[in-house]
Amino acid sequence: MASSTEQETEQNRLAALAEYGIGSVLSDPGFDRLVQLAASIFSVPIALISLVETERQLFAASVGLDVCETSRDVSFCAHAIRGDDIMIIPDARVDARFHDNPLVTGAPFIRFYAGAPLRTASGHALGTLCIIGHRPRENFGEQDRRNLRDLAALVLDKLEIRRLEMARRTSQFRFEKIAGTSPDAIICADEQGLTTFWNPAAEKLLGYRSDEILGRSIDLIAPEQFTARLYQLAAAGESLTEGRTVEMMVRAANGTMIPVELSGSMWREDGRPRFGAILRDITERRQNEERLLRLAHIDPLTELPNRTMLREQVELALSKEMTASVMMVDLDGFKDVNDSLGHSGGDAVLVNVARRLQACARSGDTVARMGGDEFAILLPGLPDAVEAGQIADSVIAAVSQLLTIDGQPVNIGASIGIAMFPGDGLTVRELLSSADLALYQAKAEGRHCRRFFSADLREEATLRRAYQGELARALAHQEFELHYQPQVRLADSTLVGAEALLRWRHPQKGLLGPGAFLPAIEAGLLAPRIGDWIISMACEQAAQWRSLVPDFRVGVNLFGAQFRTGDLADKVLAALQAFNLPPAALELEITENIILRHDEHMLGPLRELHQRGVGIAFDDYGTGYASLSMLKRYPLSRLKIDQTFVRAMLESPPDAAIIRAILYLGHSFGLEVIAEGVETGEQAARLRKKGCETAQGFLFGKPMPAEEFARQFIGPPADHGRGTPTIL
Ligand code: C2E
Ligand code: CA
Ligand code: CA
């Protein structure tokens with residue numbers, strides 16, 4: 001229960017709130033502009049000016065919400081107004097006060113909240129200016145607080161003007177009383193323009209004492225403009241005019257000109273017109289507004305235009321130009337730099353790249369930072385794809401030039417997607433999304449290159465999206481399963497392990513092999529999660545079988561994306577630990593494609609895992625361009641001879657020669673070698689003769705479900721004492 005003083009304070013607060021005439025405060029374009037500014041500065045979907053009444057909170061302005069009030073019980077702002085400073089809820093779902101709040105569990109699904117109380121000069125918090133996000137946010141720093149406070153001050157400014165206008169409508173007496181304590185200069189004049197009222201704030205602002213100025217012409221402070229404004233008002237009608245504010249310059253007693261916001265009105269006293277004006281010094285506010293406006297449009301690190309401004313510039317270009325080109329530029333290898341050089345090193349690289357991009361652009365082009373390590377370049381009036389391609393090439397060349405940060409050489413590259421207006425999109429949205437799709441393509445084709453948008457990219461993207469939904473469902477409904485294919489020692493045909501191979505038990509299409517869905521997984525965002533699942537599933541299975549076949553080892557194929565998350569080593573070690581497996585029980589299979597695309601990124605985690613004894617196999621060896629130096633640089637334990645060579649080895653001397661070469665190479669580097677795709681006894685015999693230790697293929701068994709594998713190769717628990725089973 002609230003104490004009686006608390007109740008009294010609340011009553012005073014509500015009385016103060018009533019002075020602002022809440023109903024008429026609604027739908028003021030000035031407020032709308034401020035919430036938009038807030039949403040854009042903090043990159044949040046929702047921003048509100050909320051006024052907290054007895055039973056409800058009312059939104060004087062909002063972006064991202066389509067309701068104009070909620071009940072007070074659920075209001076975050078009702079909490080925020082109790083504090084002196086900003087209330088920040090980094091993650092509402094883990095906050096005891098809010099985790100089960102209906103605005104958190106349901107629409108608008110609040111996760112992050114920051115609300116600055118709107119506290120008047122008299123000390124009452126009327127409500128808040130608040131920002132709301134759908135994702136948790138831990139890093140709301142001092143600078144962010146300052147910006148939110150400054151924005152709240154701008155809101156309060158506007159509210160104060162409303163209050164004075166409200167007061168003026170009630171009675172002259174009340175008006176003068178309020179005017180006496182107002183922080184704003186308030187002056188009144190009669191129909192001849194002679195001052196009749198001059199409050200203390202006016203004395204302070206303009207430097208005239210009230211007894212000096214009363215009865216003198218107000219032209220003294222603002223010749224013409226001001227008088228013109230008053231006559232305008234007179235002409236506008238007899239009644240109290242709803243004061244529209246204007247910005248103008250006024251002259252102080254010492255001659256300096258001061259920018260003010262003026263809100264004027266007219267009324268009648270004893271049948272004679274009277275004029276009133278509220279003046280507010282806006283020097284500081286203008287600076288603040290400019291700063292905040294800049295913040296909403298400029299990336300503070302690189303000082304390039306940000307995403308918002310780029311969109312505005314593209315919009316402008318599309319309305320003025322016959323042709324234009326937009327390039328999305330994404331850095332390759334930036335994450336690595338950030339990891340090794342730290343945050344400040346990463347920042348230095350971004351600033352440097354920004355300068356390089358600017359140097360490649362023509363005058364009149366806009367180079368913007370879209371966020372993270374993504375940039376964009378707008379080239380208005382560029383009709384020619386050939387020229388766009390040349391500029392893109394020069395950007396790639398410029399970015400890949402060696403850079404030195406803190407004495408350390410830094411190597412990064414750029415991938416670029418290009419879209420042309422009007423061919424690739426007629427609206428800002430279409431054009432930017434076309435450029436994004438082209439960028440996606442450039443990344444998929446191996447990075448460090450540029451691609452133009454083409455219509456089939458969009459079709460593919462649509463299909464991809466639809467398919468991603470299906471994959472997510474499959475993962476959630478446990479439709480994926482692992483099949484196991486035996487690997488044997490050729491010398492005595494004993495089982496040494498199995499390769500885990502992914503299958504999808506599709507509810508309609510039946511059992512699908514990886515060919516049908518793997519590319520979709522690799523192209524989407526689910527690869528790391530599915531990859532994690534595969535590792536943990538395979539480890540669990542291996543642990544079970546190791547109790548019967550002590551040295552059993554399971555091979556797991558990796559997705560490229562599993563390297564990009566940066567926590568591969570941790571994930572793998574955690575899975576081993578969870579199932580109490582020694583590192584040697586697991587072998588990770590990587591292909592050349594993964595290696596070529598990720599390069600240095602992957603070495604860290606692989607080295608760590610290799611050092612701890614996890615096997616690393618080079619899959620499909622011999623099919624690509626793998627150089628000898630790769631074998632030296634990568635932490636490997638096995639080479640897997642690709643099945644194409646095995647299949648042809650008996651008939652084709654060159655294939656047999658390749659197998660001999662791989663065996664020789666592998667052994668020289670101290671690596672084991674396994675042959676894949678062994679289908680006949682003859683192939684197995686030949687491989688064994690050439691010194692190949694292990695093999696895998698239909699001859700020994702096809703990939704099969706775990707139960708089947710256990711039945712065929714592991715044997716029932718009763719067989720335990722028989723030792724390692726032989727396959728042939
Ligand atoms: P891979 O890693 O080269 O796997 C061996 C593929 O060869 C398997 O096809 C297997 O069924 C097939 N195979 C094995 N022995 C023989 C044989 O004697 N003759 C013939 N003709 N084929 C044989 P599968 O299961 O369709 O897998 C295809 C590819 O999909 C795999 O090639 C691998 O690159 C990828 N893949 C499969 N499962 C996974 C997984 O769990 N994760 C990842 N990242 N990739 C996977
Ligand atoms: Ca494999
Ligand atoms: Ca293979």
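The values are calculated or read from the model by the stated rules, or taken from the named source; none is laboratory data. Quick caveat: nothing in here was measured; it's all calculated off a predicted structure. A quick note on method: Cβ atoms are made from the backbone with ideal geometry, for glycine too, and the neighbour counts reach across all protein chains shown. Keep in mind that these areas ignore ligands, DNA and RNA; they rest on the heavy atoms of the full protein, side chains included. Shrake-Rupley method; radii C 1.70, N 1.55, O 1.52, S 1.80 Å.
Here is how the numbers come out for the structure above:
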{"quantity": "Highest average packing first - 529-537, 457-465, Cβ atoms within 10 Å", "calculated": "529-537, 457-465"}
{"quantity": "Vicinal HN-Hα couplings computed from phi for the stretch 382-389 (Karplus, 6.51 cos²θ - 1.76 cosθ + 1.60; Hz; Gly/Pro x)", "calculated": "8, x, 10, 5, 4, 5, 4, x"}
{"quantity": "Probe 1.4 Å, protein heavy atoms only - accessible area per residue of the chain in square angstrom", "calculated": "46 Å²"}
{"quantity": "Accessible-area order (highest first, 1.4 angstrom probe) of the listed residues Y113, Y208", "calculated": "Y208, Y113"}
{"quantity": "Cβ-derived FRET efficiency at R0 45 Å, L301 paired with Q508, nearest 0.05", "calculated": "0.35"}
{"quantity": "From phi via Karplus (6.51, -1.76, 1.60), per-residue ³J(HN,Hα) for the stretch 440-454 in Hz, x at Gly/Pro", "calculated": "3, 5, 4, 5, 5, 8, x, 6, 6, 8, 10, 9, 8, 5, 9"}
{"quantity": "Karplus 3J(HN,Hα) series, Hz, for the stretch 115-128 with 6.51 cos²θ - 1.76 cosθ + 1.60 (x for Gly, Pro)", "calculated": "x, 9, x, 9, 9, 7, 4, 7, x, 9, 8, 7, x, 9"}
{"quantity": "Extension gain, A385 back to T196 (0.36 nm per residue minus Cα-Cα distance, nm)", "calculated": "61.1 nm"}
{"quantity": "Calculated FRET value between R209 and A18, using beta carbons and R₀ = 41 Å, to 0.05", "calculated": "0.75"}
{"quantity": "E460-L316 pseudo-label distance in nm [points 7 Å out on the Cα-to-Cβ vector]", "calculated": "3.5 nm"}
{"quantity": "Partners for K690 among lysines (Cα-Cα distance below 20 Å; same-chain residues under 8 apart left out)", "calculated": "K640"}
{"quantity": "Stokes-Einstein D in µm²/s, Kirkwood radius over Cα pairs - the stretch 72-212 at 10 °C with 1.306 mPa s viscosity", "calculated": "90 µm²/s"}
{"quantity": "Span from the the stretch 459-534 Cα centroid across to the the stretch 192-223 one, whole angstrom", "calculated": "82 Å"}
{"quantity": "Stretch gain in nm, segment A121-L426, where the contour uses 0.36 nm per residue and the Cα spacing is subtracted", "calculated": "104.8 nm"}
{"quantity": "Residue-span extension gain [M257 to E682] - 0.36 nm each, minus C-alpha spacing", "calculated": "143.0 nm"}
{"quantity": "Rounded to the nearest 10 Å², the accessible area of M87 at probe 1.4 Å", "calculated": "30 Å²"}
{"quantity": "Principal axis dimensions, largest first and in whole angstrom, of the stretch 482-720 by Cα", "calculated": "48, 43, 39"}
{"quantity": "Distance from the stretch 347-399 to the stretch 555-589 (C-alpha centre basis), Å", "calculated": "39 Å"}
{"quantity": "Other-chain or far-sequence residues with amide H under 5 Å of R553's (modelled H)", "calculated": "G497, A498"}
{"quantity": "Length-normalised contact order for the stretch 482-720 - Cα pairs under 8 Å, 6+ apart - percent", "calculated": "22 percent"}
{"quantity": "Links that overshoot a 28 Å alpha carbon limit, given the list K158/K320; K443/K571; K335/K509; K335/K632", "calculated": "K158/K320; K335/K509"}
{"quantity": "For the stretch 302-453: span of alpha carbons on each principal axis (Å, largest first)", "calculated": "46, 31, 22"}
{"quantity": "The stretch 284-309-the stretch 65-97 distance, computed between alpha-carbon centres (Å)", "calculated": "27 Å"}
{"quantity": "Nearest-0.05 FRET efficiency for Q287 and E481, computed from C-beta distance (R0 56 Å)", "calculated": "0.30"}
{"quantity": "Length-normalised contact order of the chain in % [C-alpha pairs under 8 Å, at least 6 apart]", "calculated": "6 percent"}
{"quantity": "Under-5 Å amide H pairs with E53, H placed in peptide plane, nonlocal only", "calculated": "L58"}
{"quantity": "All Cα pairs of the chain, percent lying beyond 32 Å", "calculated": "68 percent"}
{"quantity": "Spin-label model distance (nm) - S3 vs S547, 7 Å beyond Cα toward Cβ", "calculated": "6.4 nm"}
{"quantity": "Built amide H within the under 5 Å cut-off of L512, gap 5+", "calculated": "W504, R505, H506"}
{"quantity": "Nearest-ten-degree value, helix 568-578 long axis tilted from longest Cα axis of the chain", "calculated": "70 degrees"}
{"quantity": "Per-peptide average of other Cβ atoms within 10 Å, ordering 658-668, 324-334, 182-192 highest first", "calculated": "324-334, 182-192, 658-668"}
{"quantity": "For peptides 480-486, 368-374, sequence by mean Cβ density within 10 Å, most packed first", "calculated": "480-486, 368-374"}
{"quantity": "Solvent-accessible area of F713 with every protein chain in place, 1.4 Å probe, in Å² to the nearest 10", "calculated": "10 Å²"}
{"quantity": "About the Cα centre, charge dipole magnitude for the chain (Lys/Arg +1, Asp/Glu -1 at Cβ), debye", "calculated": "780 debye"}
{"quantity": "Inter-label distance for E445 and E470, nm, one decimal - labels placed 7 Å from Cα along Cα-to-Cβ", "calculated": "2.7 nm"}
